[in-house]
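Just dropping this structure here.
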Amino acid sequence: MSFSSFSQASDLPTWSKLQEAYDSVGKTISVKELFKADPARFEKFSRTFTNYDGSEILFDFSKNIINEDVFKLLVELAGDASIEKLRDAFFAGEKINFTEDRAVYHIALRNQSNKVMKVDGVDVTPEVNSVLAHMKEFSEEVRSGRWTGYTGKPIKSIVNIGIGGSDLGPVMVTEALKFYAKRDLSVFFVSNIDGTHIAETLKAVDPETTLFLVASKTFTTAETCTNANTAKTWFLETAKDTAHIAKHFVALSTNAEEVAKFGIDVKNMFGFESWVGGRYSVWSAIGLSVILYIGYDNFEKFLKGAEAMDKHFTEQPLESNIPVIGGLLSVWYNNFFGAQTHLVAPFDQYLHRFPAYLQQLSMESNGKSISRGNEFVKYSTGSILFGEPATNSQHSFFQLVHQGTKLIPADFILAAQSHNPIEGNLHQRMLASNFFAQAEALMVGKTEEQVKAEGNPENIVPHKVFSGNRPTTNILCQKMTPATLGALIVYYEHLTFTEGAIWNINSYDQFGVELGKVLAKSIGKELDDSIPVESHDASTNGLINKFKAWSA
Ligand code: G6Q
């Protein structure tokens, strides 16, 4: 099924118009000068999102390298690329992931208003609600201490074993919402196949009071199965009887057969469907660790915040559609300025895993080079997303953002109200002043005249000049609540969708990830003995043989 009438975005009429706009004015736009010329620029290019609970998020796009003509053309590009048609197909449960013949329907997981949402003609809402009810009931049992371990003690530690989409979302959200956590429960996440990850985690927990969540959509992922088996062996060393597994292992999966083979009672399995992609699964049963940690009511607020951003995305016209604007700016920088990267710097310690989460969302979704028309794309696609919380990142890589040779569009995120307003809110004021100052400095820069006026020696002057005109999108939240976080994640989800829709690629498959799963399996067998290998290229043979010698 085709959802677009074009194969190459660069063939769209607006693409050439944007190229002309870039060549004539775009590359010389001075944002600083535009602010001087237009006192209404901030109002024109900022948008406020109102969440279901009335809280707001301000998205200030005005420090980006755009003028009104460019903005109009970008919106026209979204129209030309029929992104509303693809969006409507996405929200109607059509199989927009055409390479895997699947619907992309994680939006049904946050359908808190209980709309009928169908895949293949079947309303999925009752099933989604029934899994949520199961998670609510289970989490209340565990959190209240009614669910006990095999010796009758309440659960103290939750260990989520999963990788990729079955890890990054829960890790990020439990960290981001730690303020809301039940502090007598500890959560741990084991993802890496490196034995150190599980070994160090097991040193910190007690088999009598630990609950393992084996999180795997397929339940066949090598890392997760190996780590889960290691955890089971460790548990049985103390518990002895396999009947005790039921109290200490639950599964978050779509694969009941494999779950049963592992020894987990299928009653303790929390399911979801194949239309939930791994990197979009934190809203599903994969979010159980989040529910256990922050409680079901907070998780519900998280879902409602997400749903509110879905509503905004489906209802707002393109020019006021916040995720669409974010995606269009990304296309502008990627394809016309030749930017390769995108920086996300949360001025928020609770969001310290947010960039890592967004890396998967963005790079696994849009790291593609074949169009929906099955042709190699003639333009650059997915950005290299990176980031770290500020102010730490200011003391490490911001140098390159200010004075390097590359253009690095950046998003800065701040919550106005701190959860920890200590020292009379001093820390928060210092944090916020950095948020404002960095974005301003990146835009205004520092001229040669200013540096000279400071009395710097002639030869030092060029080193202290800042070109400025470095774009930032500034996202100011009121407070980092579950509802705010839900909306913020969905902003990035739909921004990613918008990019993919314009580039006309399938943002929802991940054959590159699957390749890695296959390759490692075949080499794994060659490491079982000490016989030198000769079956690869000279470098791979050399490395494998040295490894065999050194690890023997
Ligand atoms: C996400 C990817 C990938 C996946 C992991 C884990 O979109 O598909 O990161 O989540 O490979 O897969 P399982 O959940 O099946 O173990």
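The values are calculated or read from the model by the stated rules, or taken from the named source; none is laboratory data. Small disclaimer: the values here were computed from a predicted structure and weren't measured. A quick note on method: Cβ atoms are made from the backbone with ideal geometry, for glycine too, and the neighbour counts reach across all protein chains shown.
Across region 178-197, which residue is nearest to the ligand (Cβ to nearest atom) among those that are farther than 19 Å from Met363 by Cβ and in a loop (DSSP other than H, G, I, E, B)?
Filtering region 178-197 for residues that are farther than 19 Å from Met363 by Cβ and in a loop (DSSP other than H, G, I, E, B), the one nearest to the ligand (Cβ to nearest atom) comes out as Ile193.
Looking at Ile161 and the list (1) closer than 21 Å to Ala246 by Cβ; (2) of a type outside the set (S, T, N, Q); (3) within 16 Å of the ligand (Cβ to nearest atom); (4) in contact with a Pro (Cβ under 9 Å, 6 or more places away or on another chain), which single condition is not satisfied?
Every listed condition holds for Ile161 apart from (4).
Same structure, new question: For Ser330, indicate whether it is within 19 Å of the chain's Cα centre (by Cα), surrounded by 23 or more Cβ atoms within 10 Å (Cβ to Cβ) and within 16 Å of the ligand (Cβ to nearest atom).
No, not satisfied.
Conditions first: (1) in contact with a helix residue (DSSP H, G or I) (Cβ under 6 Å, 6 or more places away or on another chain); (2) on the phi > 0 side of the Ramachandran plot. Ala176 passes all but one, so which condition is the exception?
Here Ala176 clears every test but (2).
Still on this model: Any residue in region 169-177 that is closer than 29 Å to Ile489 by Cα, part of a helix (DSSP H, G or I) and within 12 Å of the ligand (Cβ to nearest atom)?
There is at least one residue in region 169-177 that is closer than 29 Å to Ile489 by Cα, part of a helix (DSSP H, G or I) and within 12 Å of the ligand (Cβ to nearest atom).
Also, quick follow-up: Taking region 281-306, which residues are surrounded by fewer than 24 Cβ atoms within 10 Å (Cβ to Cβ) and either within 16 Å of the ligand (Cβ to nearest atom) or among the acidic types (Asp, Glu) (or both)?
Asp297, Glu300
Among the listed residues Leu543, Leu485, Leu527, which satisfies the condition of being of a type in the set (A, V, I, L, M) and under 31 Å from the mean Cα position of the chain (by Cα)?
Only one candidate passes the filter, namely Leu485.
Residues Val75, Val70, Val25, Val31: which one is in contact with an Asp or Glu (Cβ under 7 Å, 6 or more places away or on another chain) and either closer than 29 Å to Ala483 by Cα or not polar (S, T, N, Q) (or both)?
From the options Val75, Val70, Val25, Val31, the qualifying one is Val75.
So, restricting to helices (runs of 4 or more DSSP H) that lie completely within region 246-360, which ones have at least 2 residues that are among the hydroxyl-bearing types (Ser, Thr, Tyr) and under 25 Å from Gly486 (Cβ atoms)?
288-294, 296-315
Okay, moving on. Here are Thr224, Thr230: which of them is within 16 Å of the ligand (Cβ to nearest atom), of a type in the set (Ser, Thr, Tyr), in contact with a Ser or Thr (Cβ under 6 Å, 6 or more places away or on another chain) and part of a helix (DSSP H, G or I)?
Answer to the selection: Thr224.
Right, here's the next one. Could you go through region 503-519 and let me know if any residue there is at pLDDT 95 or above, buried (at least 23 other Cβ atoms within 10 Å of the Cβ) and more than 30 Å from Gly287 (Cβ to Cβ).
Scanning region 503-519 turns up at least one residue that is at pLDDT 95 or above, buried (at least 23 other Cβ atoms within 10 Å of the Cβ) and more than 30 Å from Gly287 (Cβ to Cβ).
Exactly one condition in (1) in contact with a helix residue (DSSP H, G or I) (Cβ under 9 Å, 6 or more places away or on another chain); (2) surrounded by fewer than 18 Cβ atoms within 10 Å (Cβ to Cβ) is not met by Ala103; state its number.
(2)
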